[in-house]
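What follows is a set of notes on a single structure, which appears directly below.
Read-outs: derived from the displayed coordinates by stated rules, not from any lab. Note that the structure is a prediction, hence the values are computed from the model and not measured. When we count neighbours, we look across all protein chains shown, and the Cβ atoms used for this are built from the backbone with ideal geometry, even at glycine.
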Amino acid sequence: MDCMLAADRWNDLASRVLDGHQLTAEEGLSILQSDDDDLLDLLAATYRVRRKHFGKQVHLYFLKNAKSGLCPEDCGYCSQSIVSEAEIPRYAMLNEAKLMEGAERAVASQARTYCIVASGRGPSNREVDHIASTVTKIKDKYGLHICCCLGLLKPEQAETLKAAGVDRINHNLNTSRTFHDKVVSTHSYDDRLQTLQAVRNAGMELCSGLIVGMGETDQDLVDVAFELRTLGVHSTPVNFLHSIDGTPLERKWDLNPRYCLKTLCMFRLANPSVELRVSGGREVNLRSMQAMSLYAANSMFVSDYLTTKGQPAEDDFKMVADLGFEIVIGDHEAYQAWKATQTQSQTETCCEKGEPISCHG
Ligand code: SF4
């Protein structure tokens, strides 16, 4: 009887969201605090909303860590911060050839979006010019959708990136205004909002999300969801803390897969048409329940994260196929033209060996 009631309750909420209802704080909390026994009903109801806006499509994102470590900021979750003792690769901004190489891997990984990420408080003007000129070449050659995550941006830097063809900037709120200062002290929540404003003013899409599992409350998560709704972001990555030894948040493993799924459901129902990405920490926190995350989220990263490994791309492809979903690849002309060239040259190579390309599956 209880199960019936839960199914009816979540279905009613999903129906109201589909009709334009804005999730309330009370409803958001009730999702996060719902009984594990109701999880399948909640996911099924949430999937109705996901399906309306994105069908069975899955968008893949490929990350390139363009500059690693050496960051003067003190974000407690981050292995690249000055207060982190984690053993990670440390290097300055990658050259154009390396960034182009990353773009090629993005295409090979069926990613629709190539994310260029650099550690640091914010980029120098020289770094912005370098990224801008490289992005123009990447777009010409591969037609990939480009998202840059470079830290705090000044308005003129955002304009340079926009002029170069950058489609979107990622700058996460990470957590609520209330909890923010417990995680980082070297920049403020308002600094983050200012960068998002500069991105909006420059005419690029906003990508902003959070990290779940840093010690925040359910209310903090609801607050972030509502702040992102107010900001009108296009895309929200939901990261689940992957606790890294040597960081201030080392050995913090508070999450379980059911709670991760409830979080994704809450974000989908709070922001129904936003591209919701199950992001860092997916494999280690959702574990055997990863696939279920795509009933709420419509996108995910393929391959590795910034300083941690993801599961092999082949496993991601299989997961999407097993769900009966489909990966949506680039739709730009340059992307299609480049893919055609690759297929052609692969066919020629294979035929030289007397083997048609199809023999490689
Ligand atoms: S600003 Fe970025 S790179 Fe630097 S510590 Fe924070 S999250 Fe890490």
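A simple packing score, the average count of other Cβ atoms within 10 Å per residue, orders the peptides 16-25, 31-40, 191-200 as 191-200, 31-40, 16-25, with the highest score first. Globularity index of the chain is 1.00 (Cα radius of gyration / 2.2 N^0.38 Å, N = number of residues).
Ranked by the mean number of other Cβ atoms within 10 Å of their residues, highest first, the peptides 109-117, 175-183, 250-258 come out as 109-117, 175-183, 250-258.
Size estimate for the range 67-190 follows the Kirkwood approach: the inverse of mean 1/r over distinct Cα pairs works out to 15.4 Å.
Could you calculate the contour length gain from Asp322 to Thr186, that is, 0.36 nm times the residue separation minus the distance between their Cα atoms, to one decimal place in nm? Let's see the in-between values first.
Numbers: separation 136, 0.36 × 136 = 48.96 nm, distance 4.40 nm.
Residue separation times 0.36 nm, minus the Cα-Cα distance, leaves 44.6 nm.
Work out the FRET efficiency for Arg105 and Ala163 from their Cβ-Cβ distance, taking R0 = 30 Å, and round it to the nearest 0.05.
Working: r = 26 Å, r/R0 = 0.87.
Step by step, r from the Cβ atoms, then E = 0.70.
In terms of distances greater than 22 angstrom between alpha carbons, the cross-link table entries Lys64/Lys182; Lys137/Lys162; Lys52/Lys141 yield Lys64/Lys182; Lys52/Lys141. Of the Cα atoms belonging to the range 104-163, the radius of gyration and Dmax stand at 11.8, 34 Å.
Each peptide among 295-302, 66-73 gets the average number of other Cβ atoms lying within 10 Å of its residues, and from highest to lowest they stand as 295-302, 66-73. Using the Cβ-Cβ distance between Asn256 and Asn95 with R0 set to 41 Å, the FRET efficiency from 1/(1 + (r/R0)^6) comes to roughly 0.45. Quick one: Debye curve from the C-alpha atoms of the range 2-49, no solvent, what's log10 I(q)/I(0) at q = 0.31 Å⁻¹? One equal scatterer on each Cα of the range 2-49 leads to -1.30.
In plain terms, if you count all Cα to Cα distances in the range 207-300 and split them into 10 Å steps from zero, the share in each step is 17, 52, 27, 3 percent.
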